[in-house]
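Below: the structure, in structure tokens.
The values are calculated or read from the model by the stated rules, or taken from the named source; none is laboratory data. In this text the structure is predicted, and so the values were computed from the model without any measurement. Every residue, glycine among them, receives a Cβ derived from its backbone with ideal geometry; neighbour counts consider all protein chains shown.
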Amino acid sequence: MHLTWLISAALLGLATCVPIERPKEKQEEETPPEPSDTGLFYHRYLQEVINVLETDGHFREKLQAANAEDIKSGKLSKELDFVSHHVRTKLDELKRQEVSRLRMLLKAKMDANMEQDVQIDHRNLLKQFEHLDPQNQHTFEARDLELLIQTATKHLENFDADHHNEFKRYEMMKEHERREYLKSLDEEKRREEEARFEELKKKHKEHPKVNAPGSQDQLKEVWQETDGLDPNEFDPKTFFNLHDTNSDGVLDEQELEALFTKELEKVYDPRNEEDDMLEMEEERLRMREHVMKNVDLNKDRLVNLDEFLKSTQRKDFNEADGWKTVEETQVYSEAELQRFEAELVAQETELGRRAEQLRRQHEELQQRQVQLDAQKKEYQQAVLQMEQRKSQPQPEQGHPAGPGGELKFQAQPPHAAPGDHQFLPDSHPGAPDHAPQQNQVEPSRSQQHPEVEIQ
Ligand SMILES: [Ca+2]
Ligand SMILES: [Ca+2]
């Protein structure tokens, strides 16, 4: 039954799942426990929907009676039709807020991709978010609850697997880069660097024994060093209550992981070059998975007191073989690394191909620019020539200076029509008889002036 019951517990933080054996003084505390962060990108929406649903007496009752199959099949979601109008209104509001947030996400994504002035088809784009029904963006319906539960379950189940996968790729990339670096060195330097790597590896392996998570040795160390209690008085029930920090009666993933800090500090120190803090986080996750696998009997991703006490009765609780850390574990095989490297080469080739394509496009553009520049220059020269011709003195014989019709035209004096040439032979400036009338006026005026001056 490794399925959706985790929804009702891990996400919903339901009071129904809380064991009855809570200490009396804690029962009186009415402050609701802080729910743990699921890490989902719609965590807030999910949590708020749960909170609102919990305020409805009918739904709460149905949830208590529901089993994992009812939740998964969507039977529980149908109960939404019977919740109070007030609750439905609140849920509608939550959905509208979530849709609006998703729209902003889409907008930001499009802006980042420089896709401006594009008509956004929200209904279509919202389809990529599976945790709500995008067809109806205004009200929260049974379909929304069903999708929310199914999607969160799926995502949570994949969460750890995705993380391991990411870590594996990270480790392979690290090794790939190390090998490439070594390849780039000359013989002597390479040997030096190889020796240095070995030295760091050796140094990283030097640490106190790491106890198996969830074992008596491990818990006792926390009891003694973190809680400052006498190891001879170790009491599982007290231990459980001490580390149920939000007092909700169960140890969730974060509370469990907090128990491993002491062990992790034995191996990883952020000040050391040889200790990789990403490896430490992977180690923490592996430890949590190990405990959950052995202790979480009902597979709800939570450890209740009953499960915890049972785990302390197990044979391997007292067996102290220690824990195999990440560096002692084969995270990837040589074949996997080679496949990864081949993938990298393919990616690089593709990038190279695209870069080459861009380079060619750039060249073409440059050539086009050169052509345009040449055309521009030709045009400018033509304009210049035309202007020069315009300003040249008019040829006396009226012969066109150039072969072009325009030049022929420009070469002619502005006020003389071609036909005027017939009368020009007689109109030499030297011939007073045929001087233009204006010229006749001028001398007469100049003749008058001396007369005026004489008078
Ligand atoms: Ca807790
Ligand atoms: Ca459990």
#### Entry: Restricting region 284-305 to residues that are among the aliphatic types (A, V, I, L, M) and part of a helix (DSSP H, G or I), the residue that is nearest to His207 (Cα to Cα)
Met287
### Query
Which one is farthest from Val326 (Cα to Cα), of the residues in region 163-196 that are aliphatic (A, V, I, L, M) and surrounded by 14 or more Cβ atoms within 10 Å (Cβ to Cβ)?
Leu182
### Message
Taking the conditions exactly as written (modelled with pLDDT of 95 or more, of a type in the set (Asp, Glu) and within 22 Å of the chain's Cα centre (by Cα)), does Glu171 satisfy them or not?
### Response
yes
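Answer yes or no as to whether Pro236 is under 20 Å from Gln313 (Cβ atoms), within 16 Å of ligand 2 (Cβ to nearest atom) and surrounded by fewer than 19 Cβ atoms within 10 Å (Cβ to Cβ). Break it down stepwise before answering.
Values: under 20 Å from Gln313 (Cβ atoms): yes; within 16 Å of ligand 2 (Cβ to nearest atom): yes; surrounded by fewer than 19 Cβ atoms within 10 Å (Cβ to Cβ): yes.
Taking the combined requirement at face value, the residue satisfies it.
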### Summary
Pairing a residue in region 129-158 that is over 23 Å from His86 (Cβ atoms) with any residue that is of a type in the set (S, T, N, Q), where Cβ atoms lie under 6 Å and the two sit 6 or more apart in sequence or on different chains, gives Glu130/Thr151; His131/Thr151; Thr153/Thr4
### Query
Of the numbered conditions (1) buried (at least 20 other Cβ atoms within 10 Å of the Cβ); (2) within 16 Å of ligand 2 (Cβ to nearest atom); (3) more than 30 Å from the chain's Cα centre (by Cα), Glu263 satisfies every one except a single condition; which is it?
(2)
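Quick check: anything in region 99-109 in contact (Cβ under 8 Å) with a residue 60 or more places away in the chain and out of contact with any strand residue (DSSP E or B) (no Cβ under 7 Å at 6 or more places or on another chain)? First the steps, then the outcome.
So the first thing to find is which residues in region 99-109 are in contact (Cβ under 8 Å) with a residue 60 or more places away in the chain, and the list is none.
The answer is no; no qualifying residue exists.
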### Message
Taking the criterion of being touching a helix residue (DSSP H, G or I) at 6+ places or on another chain (Cβ under 7 Å), small (Gly, Ala, Ser) and away from ligand 1 (no atom under 16 Å from the Cβ), would at least one residue in region 191-208 satisfy it?
### Response
no
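Restricting to region 226-278, name every residue that is part of a helix (DSSP H, G or I), within 30 Å of Lys174 (Cβ to Cβ) and more than 13 Å from ligand 1 (Cβ to nearest atom). Steps first, please.
Quick first cut of region 226-278, residues part of a helix (DSSP H, G or I) only: 226, 231-233, 236-243, 253-259, 261-267, 277-278.
From what is left, the residues that are within 30 Å of Lys174 (Cβ to Cβ) are 253-254, 256-259, 261-267, 277-278.
If the condition is that a residue be part of a helix (DSSP H, G or I), within 30 Å of Lys174 (Cβ to Cβ) and more than 13 Å from ligand 1 (Cβ to nearest atom), then Thr261, Lys262, Glu263, Leu264, Glu265, Lys266, Val267, Met277, Leu278 are the ones that fit.
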### Task
Please find, within region 296-341, the residue that is farthest from ligand 1 (Cβ to nearest atom) out of those that are at pLDDT below 90 and touching a Phe, Trp or Tyr at 6+ places or on another chain (Cβ under 8 Å).
Lys299
### Task
Please specify each residue of region 279-295 satisfying the condition of being of a type in the set (A, V, I, L, M), away from ligand 1 (no atom under 16 Å from the Cβ) and under 10 Å from Leu256 (Cβ atoms).
Met287
### Query
Just checking, how many residues over region 293-305 are touching a residue at least 24 places away in the same chain (Cβ under 8 Å) and either of a type in the set (A, V, I, L, M) or more than 6 Å from ligand 2 (Cβ to nearest atom) (or both)?
7
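Could you please give the count of residues in region 67-82 that are of a type in the set (A, V, I, L, M, F, W, C) and surrounded by fewer than 18 Cβ atoms within 10 Å (Cβ to Cβ)?
The number of residues fulfilling the criteria is 1.
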### Query
If you take the residues in region 306-326 that are free of Cβ contacts under 8 Å to residues at least 40 places away in the same chain and part of a loop (DSSP other than H, G, I, E, B), which one is surrounded by the most Cβ atoms within 10 Å (Cβ to Cβ)?
Arg314
### Query
If you check every pair at least six apart or on different chains, which have Cβ atoms under 6 Å apart with a residue in region 327-355 that is in a helix (DSSP H, G or I) first and a residue that is at pLDDT 95 or above and surrounded by 10 or more Cβ atoms within 10 Å (Cβ to Cβ) second?
Leu337/Met172; Phe340/Met172; Glu341/His176
### Message
Considering only region 316-336, I want to know if a residue exists there that is touching a strand residue (DSSP E or B) at 6+ places or on another chain (Cβ under 9 Å) and of a type in the set (Gly, Ala, Ser).
### Response
no
### Query
For region 241-260, which residues satisfy the criterion of being surrounded by fewer than 19 Cβ atoms within 10 Å (Cβ to Cβ) and among the hydrophobic types (A, V, I, L, M, F, W, C)?
Leu242, Ala258
### Query
Does region 270-278 contain at least one residue that is modelled with pLDDT under 95 and either within 14 Å of ligand 2 (Cβ to nearest atom) or touching a Pro at 6+ places or on another chain (Cβ under 7 Å) (or both)?
yes
### Query
Is there any pair linking a residue in region 241-255 that is modelled with pLDDT of 95 or more to one that is more than 6 Å from ligand 1 (Cβ to nearest atom) and charged (D, E, K, R), with Cβ under 8 Å and at least six apart or on different chains, and which?
Asn241/Lys26; Leu242/Asp227
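Which one of Thr89, Thr38, Thr31 is part of a loop (DSSP other than H, G, I, E, B) and either exposed (fewer than 14 other Cβ atoms within 10 Å of the Cβ) or modelled with pLDDT of 85 or more (or both)? Give the steps one after another, and end with the answer.
Details: Thr89 fails: part of a loop (DSSP other than H, G, I, E, B); Thr38 fails: either exposed (fewer than 14 other Cβ atoms within 10 Å of the Cβ) or modelled with pLDDT of 85 or more (or both).
Of the residues listed, the single one that is part of a loop (DSSP other than H, G, I, E, B) and either exposed (fewer than 14 other Cβ atoms within 10 Å of the Cβ) or modelled with pLDDT of 85 or more (or both) is Thr31.
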